[in-house]
Amino acid sequence: MKDGTTMRERVLSIFKKMKPLGYYWRLFPAVFWLGVFLVLPLSVMLIYSFWTMVRFELIPTWTLQNYLDIFVRAEGLYFRLLLKSLGMAAAVTLGAIALAYPAAYYISMHGGKYKYVLLNVIMTPFLVSWVVLIFGWRLVIGYTCLLNTVLMGAGLISEPMRLWGNWITVIFVLIFSWAPWLVLPIFVSLEKIDRSLLEAGADLGASPLENFRKITLPLSIPGLLVATFFVFIPTLGEFVAPILAGGTSGAMIGSAIEATFKRMHNWPFGSAMSFLLLIIALIASIVLIRKAGLRSLMESL
Amino acid sequence: MKIDVELKNVTKKFGDVVAVDDVSLWVGKCEFFSLLGPSGCGKTTTLRMISGFEKPTEGEVYIGGELMTDVPPFKRPTNLIFQNLALFPHLNVYDNISFGLKIKKLPKDEIQRKVKEMLNLVRLSGYEKRKIKQLSGGEQQRIAIVRALVNEPTVLLLDEPLGPLDLKLREEMVVELKRIQREVGTTFIYVTHDQGEALTMSDRIAVMKDGRVLQIGTPMKIYEQPKSRFIADFIGRSNLFEGSCADGVVEVDGLGRIIAEPGPQTSDKHSVLICAKPEKISIGRKLKGLDNIFDGEVKETYYQGRVTTYRVLLENGSLITVVVLSSGAKDIFKPGAKVKVGWNKRDVNMMM
Ligand SMILES: Nc1ncnc2c1ncn2[C@@H]1O[C@H](COP(=O)(O)OP(=O)(O)OP(=O)(O)O)[C@@H](O)[C@H]1O
Ligand SMILES: [Mg+2]
């Protein structure tokens with residue numbers, strides 16, 4: 001052991017830290033809730049992921065083939081989709097933060113007594129279903145829609161641009177549907193920064209820009225991690241936006257899972273992909289939670 | 001003395017609130033200057049105008065002879081120690097102290113040397129890697145002081161830097177601050193509502209009330225010759241007598257005559273206030289050779305070790321406080337004892 005304790009001492013100290021059994025009963029409601037709504041369906045899924053499907057019939061073969069298939073089936077198509085989804089989720093996260101941060105910063109630093117009004121103005125309209133928003137965007141940047149019509153009318157382009165229906169469109173609509181929600185966690189973390197710290201920075205000679213880089217930004221990192229948590233993980237499994245706005249190049253791993261379940265009726269393979277995704281999401285959450293701290297995560301909910 | 005900081009008719013209003021009201025003062029180079037006054041009298045606001053965080057509504061601030069009106073805080077040659085310290089929680093001790101030096105882009109080895117020197121100065125060597133949260137209140141205080149001091153500002157502004165500390169630590173820090181000021185030779189403008197601190201450390205003190213400066217002077221002058229009832233009361237306990245004065249003789253209702261040093265105007269009869277500090281009054285069964293002697297009865301006696309404090313009832317019904325050194329006194333008067341109290345005319349101070 002590097003800190004000089006023996007295995008025996010470590011085990012003993014774990015036992016010492018454990019609370020009496022009655023203590024754990026308090027966790028019962030939470031455990032029950034998780035059990036019924038999460039563990040049950042996921043267990044079924046986990047079991048299926050080791051079976052095979054032959055002619056629409058599930059056969060309990062207990063094989064790892066489904067997991068191997070993710071990497072080899074269709075010349076690695078599914079694996080490449082997974083990597084692409086990771087990349088797209090990262091892009092969406094960065095884009096949404098880049099959009100939300102200035103808004104949150106402005107409201108927090110210069111909102112004065114209208115802070116909360118501004119915050120509501122920014123966020124409330126987005127309470128409408130974001131599917132509606134996607135259609136809205138389609139009306140703006142679609143093939144024969146507003147933007148193209150205007151640009152052609154102005155003589156700037158000779159034929160309409162194909163802006164709709166590719167992977168960039170998917171990233172674009174996801175950024176715009178997430179950004180308003182990120183304003184809140186970032187705003188919360190900015191609000192928590194003691195303003196006298198910025199005065200102290202200025203007093204020590206830091207220009208406003210240096211102040212931002214050395215004080216505001218590092219102190220708002222918990223908010224950024226929370227934002228990442230909220231965007232990255234759901235986006236990783238996204239399948240609605242690719243269907244509505246993605247065309248063929250916009251497909252993500254979520255689209256593949258959906259197709260596998262619904263069109264190919266290959267539940268075991270779909271389950272295996274879902275599970276892999278779940279594990280990736282779980283690892284990402286653990287990393288983010290350890291960095292941001294569970295508390296700051298809950299505080300901005 | 002060379003003037004380092006000067007305020008000319010400075011007024012600051014927040015809406016209808018007049019926080020600082022027509023303040024004019026100057027602070028000399030390497031002087032330890034204190035702003036002393038009760039809570040809410042505008043001390044912090046005055047400091048914030050010197051450091052540039054507030055713009056005066058009227059009047060001008062000069063530092064080193066230069067008009068500061070359009071100079072933002074980060075370009076002023078001042079450093080402020082904030083009332084709430086404002087240490088950076090995400091940085092360790094080293095990074096907190098070196099913050100200003102890094103902004104100035106000093107070479108790394110010079111920064112290291114200076115930080116080390118500063119930590120030595122406040123006796124916190126070896127604390128470089130500590131997080132701010134891992135420091136005690138007094139340690140944080142000292143880090144806040146050197147974080148400002150390390151930049152070698154022309155003027156160091158200290159906003160009640162000893163406020164949250166316990167008495168013993170305060171006393172230690174008072175000595176330490178004075179030592180630091182002597183060693184580095186910076187101009188200190190020190191804000192406090194604690195008269196003891198101000199008297200101990202300052203070269204000069206400005207007493208403030210309701211946004212105005214009432215009196216500026218050396219600690220001795222402020223203590224012994226307060227210009228108004230407020231200052232007399234605020235700085236050390238004072239025994240005050242109201243009366244009417246003519247030719248250096250003051251007529252006090254029910255007490256008789258008090259002989260005082262002739263003031264500037266002596267011919268006309270006018271009302272005055274006489275202030276006698278408790279330790280300037282003698283007490284005894286018999287008193288001789290004093291300009292003013294009165295009969296009294298001891299009402300309360302407090303033996304406080306080094307000194308003994310008496311509350312003595314005079315014939316006009318006023319209760320005065322007398323403080324004598326315990327070691328010099330022959331005996332201690334018990335409550336009920338008939339005594340005489342008295343003082344020489346030069347030991348009291350007369351106000352209009
Ligand atoms: N930003 C502000 N807006 C409105 N009023 C203010 C503001 N800052 C200070 N004041 C008012 O100005 C007056 C002086 O405040 P200031 O903070 O200078 O007092 P202080 O002497 O430092 O008091 P303390 O010893 O309690 O720190 C107070 O009445 C305060 O309420
Ligand atoms: Mg104050």
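Listed values, structure above:
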{"item": "Chain A - charge dipole about Cα centre, Lys and Arg +1 at Cβ, Asp and Glu -1, debye rounded to 20", "result": "740"}
{"item": "The stretch A:121-182: chymotrypsin sites (Phe, Trp or Tyr not before Pro) falling in loop per DSSP and having at most 15 other Cβ within 10 Å", "result": "A:Y143"}
{"item": "Student exercise, the stretch B:3-224 dipole from Lys, Arg, Asp, Glu Cβ charges, in Debye to nearest 20", "result": "840"}
{"item": "Stretchable slack from A:S43 to A:I157, in nm (0.36 nm times residue separation minus alpha-carbon distance)", "result": "35.6 nm"}
{"item": "Cross-link pairs A:K113/B:K108; A:K214/B:K116; B:K209/B:K340; B:K129/B:K209; B:K108/B:K131 - those with Cα-Cα distance over 32 Å", "result": "A:K113/B:K108; B:K209/B:K340; B:K129/B:K209"}
{"item": "Cα-based equivalent ellipsoid of chain B: semi-axis lengths in Å, sorted from largest, via gyration tensor", "result": "46, 25, 15"}
{"item": "Å³ per residue enclosed by the Cα convex hull of the stretch B:237-351", "result": "93"}
{"item": "Among B:F188, A:L224, A:A256 - extreme Cα towards positive end, dipole of the protein assembly as shown, charges at beta-carbon", "result": "A:A256"}
{"item": "Helical contribution to [θ] at 222 nm, DSSP H n ≥ 4, -39,500 (n - 2.57), averaged over chain B, rounded to 500", "result": "-7000 deg cm²/dmol"}
{"item": "Solvent-accessible area, 1.4 Å probe, carbon plus sulfur percent, for the stretch B:237-351", "result": "47"}
{"item": "Heavy-atom surface of the protein assembly as shown, accessible at 1.4 Å and reported per residue (Å²)", "result": "53"}
{"item": "Whole-number D in µm² s⁻¹ for the stretch B:1-102, Kirkwood Cα-pair radius fed into Stokes-Einstein, 20 °C, 1.002 mPa s", "result": "143"}
{"item": "Acute angle (nearest 10 degrees) that the helix B:93-103 long axis makes with the longest principal axis of chain B, alpha-carbon atoms", "result": "70"}
{"item": "Cα-centre dipole for the protein assembly as shown with unit charges at Cβ (Lys and Arg positive, Asp and Glu negative), debye to 20", "result": "1820"}
{"item": "Positive minus negative residues near B:I320 (Lys, Arg vs Asp, Glu; Cβ under 14 Å)", "result": "-2"}
{"item": "Equivalent-ellipsoid semi-axes of chain A, from the Cα gyration tensor, Å, largest first", "result": "37, 36, 17"}
{"item": "Hz values of 3J(HN,Hα) by residue in the stretch B:130-136 - Karplus curve (6.51, -1.76, 1.60), Gly and Pro given as x", "result": "5, 7, 4, 4, 8, 10, 6"}
{"item": "Restricting the stretch B:48-120 to trypsin sites (Lys or Arg not before Pro) in coil, as DSSP defines it, with at most 12 other Cβ within 10 Å", "result": "B:K104, B:K105"}
{"item": "Of the DSSP H helices in chain A, those whose Cα atoms cover at least 18 Å axially and whose Kyte score averages 0.5 or more", "result": "A:65-110, A:167-191, A:221-236, A:267-292"}
{"item": "Residues A:E191 and A:W25, FRET efficiency given R0 of 35 Å [Cβ-Cβ distance, rounded to 0.05]", "result": "0.40"}
{"item": "Percentage relative contact order, the stretch A:17-137, counting C-alpha pairs under 8 Å, at least six apart", "result": "8"}
{"item": "Chain B: angle of helix B:108-121 to the longest principal axis, Cα-based, in degrees nearest 10", "result": "20"}
{"item": "Exposure rank, largest accessible area first [B:H193, A:H265; 1.4 Å]", "result": "B:H193, A:H265"}
{"item": "Cut-off under 5 Å, modelled amide H: who pairs with B:M208 long-range", "result": "B:L36, B:G37, B:L214"}
{"item": "Dimensionless Rg/Rh of the protein assembly as shown - Kirkwood Rh, Rg from C-alpha atoms", "result": "1.17"}
{"item": "Descending semi-axes in Å of the stretch B:124-256, equivalent ellipsoid built from Cα gyration tensor", "result": "40, 15, 11"}
{"item": "Within-9-Å neighbourhood charge of B:T301 [Cβ basis; K, R +1; D, E -1]", "result": "+2"}
{"item": "Charge dipole of the protein assembly as shown about the Cα centre (unit charges at C-beta), most positive-ward option of B:T218, A:G205, B:S34", "result": "A:G205"}
{"item": "Efficiency of FRET between B:K8 and A:A98 - r from beta-carbon atoms, R0 41 angstrom, step 0.05", "result": "0.30"}
{"item": "B:K299 long-range amide H proximity, modeled H, under 5 Å", "result": "B:R311, B:V312, B:L313, B:G336"}
{"item": "Unit charges at the beta carbon, dipole of the stretch A:64-299: most positive-side option, A:V92, A:I289, A:T149", "result": "A:I289"}
{"item": "Between 0 and 90°, nearest 10: helix B:137-149 axis offset from chain B longest Cα axis", "result": "70"}
{"item": "In the stretch B:258-327, GluC sites (Glu not before Pro) in a DSSP loop with at most 12 other beta-carbon atoms within 10 Å", "result": "B:E315"}
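The values are calculated or read from the model by the stated rules, or taken from the named source; none is laboratory data. All values reported here derive from a predicted model rather than from experimental measurement. Positions of Cβ are backbone-derived with ideal geometry, glycine not excepted, and every protein chain shown enters the neighbour counts. Note: accessible area is taken over every heavy atom of the protein model, side chains too, but ligands, DNA and RNA are not part of it. Shrake-Rupley method; radii C 1.70, N 1.55, O 1.52, S 1.80 Å.
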